[in-house]
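Engineer: Got a structure for you, questions after.
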């Protein structure tokens, strides 16, 4: 939340993957929520407490991580489709489980290692 607040203060767009329901039901740890600092909010609709089981009185089976990962995967897929329709070839990680994936990823590492040294183990 602190990073989102700082980015928003610097006019850097912030995309928040969060749950309005869960945020409203959580104990307040700060005076604002992640969504308060976001340019765009992807609401996962996770229930308060981040638990689903048992249905009559949930106390286990967290779901926020799974839904946040799925929401982000959908964003990336939609961006890929949009870029294809516009004839743009986005730099994107490719699954190593498809032909050519390792080669595509090696090229990305070479292209971006100077900007993100952590990608190759550098500091």
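The numbers here are math on the coordinates, done by the rules we state, and not lab data. Keep in mind the model is a prediction, meaning the values are calculated, not measured.
Engineer: What's log10 of I(q)/I(0) for region 1-67 at q = 0.13, 0.27 Å⁻¹, Debye sum over Cα points only, no solvent?
Structural biologist: Log-scaled intensity ratios, in q order: -0.40, -1.15.
Engineer: Round to a whole angstrom and tell me the spacing of the C-alpha centers of region 50-115 and region 18-35.
Structural biologist: The two parts, judged by their Cα centres, are 25 Å apart.
Engineer: In degrees, nearest 10, range 0 to 90: what is the angle between the Cα axis of helix 101-112 and the longest Cα principal axis of the chain?
Structural biologist: Here the helix axis deviates by roughly 90 degrees.
Engineer: Residue separation times 0.36 nm, minus the C-alpha to C-alpha distance between residue 109 and residue 65: what's the value?
Structural biologist: Full extension of this stretch gives 13.2 nm more.
Engineer: Using a Gaussian network for the chain with springs between C-alpha atoms less than 10 Å apart, which of these wobbles most: 39, 18, 94?
Structural biologist: Of 39, 18, 94, the Gaussian network model singles out 94 as fluctuating most.
Engineer: I need the P(r) histogram for the chain: all alpha carbon pairs, bin width 10 Å from 0 out to the longest distance, whole percents.
Structural biologist: 11, 26, 33, 23, 7, 0
Engineer: Per residue of the chain, what 222 nm ellipticity follows from adding -39500 (n - 2.57) for every DSSP H run with n ≥ 4, rounded to the nearest 500? Numbers along the way, then the final one.
Structural biologist: Working: 4 runs with 49 residues, N = 123.
It lands at -12500 deg cm²/dmol.
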